[in-house]
Structures are given as C-alpha cells and as structure tokens.
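Notes for the one structure printed next.
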Amino acid sequence: MKKALAVLSILIFAFTISCKKELSKVQKEDLIIEKLIESSELFNKKEYSKSLKVCKEILSLDSNNTLAMKKIGSIYYMNNFPEKAKEIWEKVLKNNPNDQEVKKGLESLKKQSKTELDIKEIK
C-alpha cells in the first residue's frame, strides 16, 4: 500500500510539473504574439530600430519565428541594407520555400540591383 501511495505521489508530482511547463509554453506563445503585434505597430510608425529590437526579443524566445525574421528583413530593406535583407529573407525561404511575400521581397531586391547596374552603365 505504501508503495502504491509513493508511486501515486510521484505521478501526481510529475503531472503537476508537466502542467506547469505547458502553462509556461502557452504564456511564452502569448508573449510572442504580443511582441509580434508590438513590432508591427512600431514598423508601421517607421520606428525601425525599436521594431528590430522587439523582433530580436522574439527570436530569443523562438529562434525560428518566421514572422520576426521576415520583419527583420523588411526593416533592413526599408533602411537601405539590401544585402542584410536578402540574407534574412533567404533564411526564411529555407524554412518556408513557398512564402510568396518573401519571394516578392527578394524579387524586388533583384529589380533594384538591376536598376542600379543599368544606371552605373549609363554613367
């Protein structure tokens, strides 16, 4: 009987820990969603450095968060860092090869590069 109670106590303890971990996972996901909203609001206000900081916070919670990575690529693009934007967006495509939004961004970079080359040739 004592062994059965001991086993039952261990199972209850393990279940409690499991529930706490699950709760913290939900809390983490909620925090990520809040930060994604915050980063989008900052981006829309053209507060790119603040948006970038929030995106990096998201990646510290979830290193594979595609939305944060896409936003970082867009921040680099909007701040005239096309190579960094390309690098980030290509990482996104490795995980999500059918991401049309990122494909459009990369296509825009290609057109921009071609235009810059055409202008250099004219000069």
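Here are a few things to note about the model shown:
- Spatial separation of Cα centroids for the stretch 21-66 and the stretch 74-112, in angstrom: 19
- Look at MET78, MET69 and count the other Cβ atoms within 10 Å of each Cβ; fewest to most, that gives MET78, MET69.
- Spin-label model, LYS53 to ASN95: label points 7 Å out along the Cα-to-beta-carbon direction sit 2.3 nm apart.
- Net charge, SER39 excluded, C-beta distance under 9 Å - Lys, Arg +1, Asp, Glu -1: +1
- Cross-link check: pairs LYS28/LYS50; LYS25/LYS84; LYS25/LYS103; LYS53/LYS111; LYS71/LYS110 evaluated at a Cα-Cα cut-off of 27 Å; pairs beyond the cut-off: LYS25/LYS84; LYS25/LYS103; LYS53/LYS111.
Bear in mind these aren't lab numbers, they're just calculated from the coordinates by the rules spelled out. Given the structure is predicted, the values throughout are model-derived calculations rather than measurements. As a convention, Cβ positions derive from the backbone with ideal geometry for all residues, glycine included, and neighbour counts pool all protein chains shown.
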